[in-house]
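**Q** What follows is a single structure, and I will ask about it in a moment.
The values are calculated or read from the model by the stated rules, or taken from the named source; none is laboratory data. Being a predicted model, the structure only gives us computed values, none of them experimental. Glycine gets a Cβ as well: all are built from the backbone with ideal geometry, and neighbour counts include every protein chain shown. Note: areas computed on protein heavy atoms with side chains; ligands, DNA, RNA excluded. Shrake-Rupley method; radii C 1.70, N 1.55, O 1.52, S 1.80 Å.
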Amino acid sequence: MAKSIKVRAKVKGGTTVVKALISHAMETGLRKNKKTGKKFPAHFIQEVTCSHNGKDVLTADWGTAISKNPYLSFKFKGAKSGDTLKMSWVDNKGESDSVEAKIK
Amino acid sequence: MNTKRRSFIKNSAAAGAFGVAVSAGLITPRAVMAAWPKAAFAATDVDAAITGAFGSSATTESADIALKAPEIAENGAVVPITVTSKIAGTESISLLISKNPTPLTATFKMGEGAEGFVSTRVKMSKTSDLVVVVKANGKLYSAKKEVKVTIGGCGG
């Protein structure tokens, strides 16, 4: 599951804007397989963490209603160009991924 | 009194369903997940979900929460939502979709320096109210917006 996160972070006037795309199926557990009539088991991201200089700037608890291949954007203060931003996620099956990006 | 009893029954029923799923091996619990409020995410109505997440469903409507969402969403699977909270000391932003099977969609907890801004895309099962709950200074504030979902994707 490497490289499932694409993240861009840019500083503008002291505020860093972070935009991220995660590739994930985000299965709700309610969708049915038309051939077998069985439900696809739920498989979704439960927790997303984003940290800057070892401090968490955003933690998100997600449910099943977040769209497939989730998009997330947020802003924070206190970072400067060249700093490293770390983002990671964990899903309900225990799979996880993390990525580090340089703030532009 | 009676309403409390209702939500208690609902909550315990939801927790029971989750327990069955765990024992059936559909959901693998992990220690990391301890913080994930599963009762709140399993709740089937808005009030129960807010209570599950914050311990109380009493919210104050606030004009300081700007909620950007389409009036009509052609595709319920991808509805872009942007929330901006101008309330000082915003600690968390929660998104709820009132007519989804489980209304609680996401809770974003703001860390150090984070602004009251978040943007994401959600799934909506049908036309319903989008409810945003912002926690700031220990109080709960809310904002609402109706989003119409066109089923069938004819682009109406």
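**Q** Scanning region B:63-75 for residues that are open to solvent by less than 40 Å² (accessible area, probe 1.4 Å) and under 16 Å from the mean Cα position of the chain (by Cα), which turns out modelled with the lowest pLDDT?
**A** It comes out as B:A69.
**Q** Yes or no: B:S119 assigned to a strand (DSSP E or B), open to solvent by less than 10 Å² (accessible area, probe 1.4 Å) and either within 11 Å of another protein chain (Cβ to nearest Cβ) or farther than 23 Å from A:T64 by Cβ (or both)? Spell out how you get there, then give the answer.
**A** Details: assigned to a strand (DSSP E or B): yes; open to solvent by less than 10 Å² (accessible area, probe 1.4 Å): no; either within 11 Å of another protein chain (Cβ to nearest Cβ) or farther than 23 Å from A:T64 by Cβ (or both): yes.
No; evaluated as a whole, the condition is false for this residue.
**Q** I'd like the full set of residues that are facing another protein chain (nearest Cβ under 8 Å), farther than 23 Å from A:T84 by Cα and of a type in the set (V, I, T), limited to region A:35-68.
**A** Within region A:35-68, A:T64, A:I66 meet the criteria.
**Q** Continuing with the same structure: Within region A:56-104, track down each residue that is more than 12 Å from the chain's Cα centre (by Cα) and buried (at least 17 other Cβ atoms within 10 Å of the Cβ).
**A** Within region A:56-104, A:V57, A:G63, A:T64, A:A65, A:K75, A:F76, A:A79, A:L85, A:N92, A:A101, A:I103 qualify.
**Q** Just for region B:76-110: of the residues that are closer than 23 Å to A:L21 by Cα and open to solvent by 40 Å² or more (accessible area, probe 1.4 Å), which one is farthest from the other protein chains (Cβ to nearest Cβ)?
**A** Out of the qualifying residues, it is B:T84.
**Q** Please work out which one of (1) closer than 24 Å to B:V46 by Cβ; (2) part of a loop (DSSP other than H, G, I, E, B); (3) open to solvent by less than 60 Å² (accessible area, probe 1.4 Å) is the condition A:A25 fails and give its number.
**A** With (1) closer than 24 Å to B:V46 by Cβ; (2) part of a loop (DSSP other than H, G, I, E, B); (3) open to solvent by less than 60 Å² (accessible area, probe 1.4 Å) applied to A:A25, the lone miss is (1).
**Q** Next question. Tell me, which residue of region B:122-138 that is over 18 Å from B:T102 (Cα atoms) and modelled with pLDDT of 85 or more is surrounded by the fewest Cβ atoms within 10 Å (Cβ to Cβ)? Quick ask: steps written out before the conclusion?
**A** Taking region B:122-138 and keeping what is over 18 Å from B:T102 (Cα atoms), we get B:134-138.
The next check asks that each one be modelled with pLDDT of 85 or more; those that pass are B:134-136.
Working: B:V134: 26, B:K135: 22, B:A136: 20.
Here the answer is B:A136.
**Q** Would you be able to say whether some residue in region A:80-90 is facing another protein chain (nearest Cβ under 7 Å), assigned to a strand (DSSP E or B) and among the hydroxyl-bearing types (S, T, Y)?
**A** Of all residues in region A:80-90, those facing another protein chain (nearest Cβ under 7 Å) come to A:90.
The next check asks that each one be assigned to a strand (DSSP E or B); those that pass are A:90.
Subset that is among the hydroxyl-bearing types (S, T, Y): none.
No, the conditions are met nowhere in region A:80-90.
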